[in-house]
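Shown next, in structure tokens, is the structure this report addresses.
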Amino acid sequence: MKGKNFINGQWVASGSGEIFESRNPADRDDVIGTFPLSNAQDVDGAVQAAEKAFPAWRAMSRIKRGEVFDNFVQLIKKDHEELSRLMARECGKAINESRADVTEGIHMAQYVFGITRTPAGDVIASEIAEKDAYMRRHPKGVVAAITPWNFPFAIPLWLLGPSLVEGNTVVFKPSEDTPLMGEKVAEYLERAGIPPGVLNLVQGDGEGAGRPLAAHSDVDVVAFTGSFEVGSEIRKICAEAPHKMAVCEMGGKNAVIVFEDADVSIALNAALLSAYKTTGQRCVSSGKLIVHETLYPKFCEEFVKLSRRVNIGDPLDEKTFMGPLINAAGRKKMEYYNDLARKEGGRILLEGGTLKGRGCDKGWFVSPFVYQMDYNPQSRVLREEVFAPNVAIVPFRTIEDAIRIYNDTDYGLALAVITEDYRKARRVREECEYGLGYVNLPSIGAEVHLPFGGVKKSGTGMPSAATLIDAVTHRTAWTVNNAKEIKMAQGLKATLD
Ligand code: UN1
């Protein structure tokens with residue numbers, strides 16, 4: 001298939017006619033389609049269309065804007081399976097996870113539709129009895145949404161949903177690894193009745209399309225999910241324009257902490273899901289299992305046994321637990337960190353990495369790499385994000401140690417604590433640095449109506465629906481005097497004498 005950009009309600013090629021390919025990461029011979037390799041001119045056309053569409057969209061009833069998402073949900077529900085299969089083929093996510101991704105996108109659309117009938121502001125008291133004061137939200141204008149490949153349906157909805165229902169218009173640039181899923185989001189929103197120019201889609205890579213989009217002077221908010229490196233570039237670009245806000249969600253080095261009183265079967269299952277779902281490629285995946293020394297030998301043995309049983313293969317096969325990594329760079333990165341673990345003194349329990357043979361040669365398949373590692377503040381492999389199934393199991397003695405080992409990274413996104421002792425869980429809750437904390441659960445699996453986002457290098461906060469609304473709206477104060485004379489707050493004199 002030949003994909004297009006979607007600008008001002010029209011499906012168009014890039015101005016230069018240049019294209020790029022999307023290929024199946026499980027079978028590199030399978031070309032999914034070609035898509036426009038857009039440049040700064042294409043981006044400018046899209047931003048201008050969004051700017052032009054803004055006044056009418058903003059003036060529309062919030063409830064009417066929300067109805068587009070109700071229509072969208074109905075259309076997606078009909079095509080849920082087809083979209084899930086396309087996703088598995090384009091990004092290599094196991095089919096069960098691809099279905100969950102589409103479902104998460106539906107949930108976000110339902111959420112934003114639902115909130116349009118809830119208060120859009122506050123009535124606030126005044127010092128002066130005759131004054132009525134309100135907080136009213138105003139949309140900011142044009143939102144640039146730059147999204148990753150690992151949740152190619154859900155994350156675009158996280159960013160587009162709140163932006164659009166609040167009255168902003170959007171220019172959307174999906175990852176160049178999943179342009180088809182990006183196109184599907186735009187196509188279904190078009191079918192759901194989004195007016196021309198309100199949502200614009202620009203395909204392409206970070207340098208050619210992402211950078212000029214973030215830098216465009218008519219963009220008011222850049223909402224981004226992806227790597228720390230790209231996110232910090234975006235923040236720098238936005239800092240140069242006084243009006244522009246960057247909302248970035250940028251990864252993590254997450255952990256599962258297993259205390260001595262843990263239910264071991266919950267601990268093992270939580271570790272397995274945290275490490276291997278999406279082949280370790282969630283920003284909330286855990287590559288660090290911090291396990292109390294009394295359970296350590298048994299836990300390591302059992303975790304390795306389970307890791308050997310992980311089904312790796314065709315994402316469309318119902319039995320597959322782990323599909324391939326997304327691309328060559330992802331696999332190179334995993335190999336780099338596997339070597340680093342060896343160099344830093346890791347004791348390898350399960351030799352993993354690039355998989356060859358058994359039909360794996362055509363894709364970016366890898367197997368779990370598991371190692372024991374004593375805590376060492378100099379270790380990089382315990383602090384840096386790998387985005388692959390590279391798993392360190394680290395022993396600890398005291399709760400202070402467990403908290404230190406978890407916190408010793410520049411990231412602060414997700415943690416899971418496995419314990420039957422609420423006091424231990426509470427201490428972790430208070431002293432660890434994170435945005436998402438889980439008790440007796442894996443570090444993955446957030447739901448759309450909860451806040452999502454981390455601290456430190458993980459992000460600027462506010463990246464998902466419940467909180468993104470604060471980033472894409474201005475809170476204005478609107479004060480009305482009902483008296484026949486002016487009365488001022490703070491006892492300020494309101495007359496000449
Ligand atoms: C991500 O990995 O970028 O919490 C998002 C989860 C999913 C979202 C992950 N709902 O695992």
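A short reminder: the numbers here are calculations on the coordinates, not readings from a lab. Note that this is a predicted model, so its numbers are computed, not measured. Here Cβ is always computed from backbone atoms with ideal geometry, including for glycine, and neighbour counts include all displayed protein chains.
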For n ≥ 4 DSSP H runs only, could you compute -39500 (n - 2.57) per run for the chain, divide by its residues and tell me the 222 nm figure to the nearest 500? -11500 deg cm²/dmol
What distance in nm separates the simple spin-label points at Arg85 and Leu340, each placed 7 Å from Cα in the Cβ direction? 4.0 nm
Describe numerically, in nm with one decimal, the distance between label points set 7 Å from Cα along Cα→Cβ at Glu207 and at Glu229. 1.2 nm
Sorted by chain and then number, the residues having a modelled amide H within less than 5 Å of the amide H of Tyr411, at least 5 places away or on another chain, are Lys253, Lys457
Simple label model, 7 Å out from Cα along Cβ direction - Asp261 to Lys298, nm: 1.7 nm
With +1 assigned to the C-beta of every Lys and Arg and -1 to the C-beta of every Asp and Glu, and no other charges, what is the dipole magnitude of the range 254-439 about the Cα centre in debye, to the nearest 20? 540 debye
With the charge dipole of the chain built from beta-carbon charges (+1 for Lys and Arg, -1 for Asp and Glu) about the Cα centre, the Cα from Met108, Tyr336, Met250 projecting farthest to the positive end belongs to Met108
Mind pulling the angle between the C-alpha long axis of helix 80-91 and the longest principal axis of the chain? Nearest 10 degrees, somewhere in 0 to 90. 60 degrees
Rounding to the nearest 10 and keeping the result within 0 to 90°, find how far the Cα-based axis of helix 228-239 lies from the longest principal axis of the chain. 20 degrees
Pull up all non-local amide H partners of Val366: gap of 5 or more, or a different chain, and H-to-H distance under 5 Å with H placed in the peptide plane. Leu325, Leu355
Within the range 189-252, GluC sites (Glu not before Pro) in DSSP loop having at most 15 other beta-carbon neighbours inside 10 Å: Glu240
Determine which residues of the range 245-282 fall in the zone a paramagnetic label at Asn440 would reach in this model, i.e. backbone nitrogen under 19 Å from the point 7 Å along Cα→Cβ. 256-274
Out of the DSSP beta bridges found with both residues in the chain, what percent are antiparallel (nearest 5)? 45 percent
Wrap a convex hull around the Cα atoms of the range 38-144, take a quarter of its surface area, and give that in square nanometres. 10.5 nm²
If you wrap the chain's Cα atoms in a convex hull and average its projection over all directions, what's the area in nm²? 26.8 nm²
So what J values fall out for the range 273-285 if you push phi through Karplus, 6.51 cos²θ - 1.76 cosθ + 1.60 with θ = phi - 60°, rounded to Hz, Gly and Pro as x? 5, 5, 8, 10, 4, 6, 6, x, 9, 9, 5, 9, 4
Find, among the GluC sites (Glu not before Pro) in the range 324-422, those assigned to loop by DSSP (not H, G, I, E, B) with at most 14 other beta-carbon atoms within 10 angstrom. Glu351, Glu420
Backbone N within the range 121-142 under 18 Å of label point (7 Å from Leu492 Cα along the Cβ vector): 125-134
Using +1 at the C-beta of Lys and Arg and -1 at the C-beta of Asp and Glu, which of Gly287, Leu496, Leu213 has the Cα lying farthest in the positive direction of the dipole of the chain? Leu496
Sort Cys283, Cys432, Cys91 so that the residue with the fewest other Cβ atoms within 10 Å of its own Cβ comes first and the one with the most comes last. Cys432, Cys283, Cys91
How much net charge surrounds Tyr134 when only the other residues with a Cβ under 11 Å from the Cβ of Tyr134 are counted, with Lys and Arg +1 and Asp and Glu -1? +2
Would you mind getting me the FRET efficiency between Lys78 and Glu318? Use the beta-carbon distance for r and R0 = 25 Å, nearest 0.05. 0.70
Do any trypsin sites (Lys or Arg not before Pro) in the range 319-390 lie in a loop, going by DSSP, with at most 13 other beta-carbon atoms within 10 Å of their beta carbon, and if so which? Lys319, Lys356, Arg358, Arg380
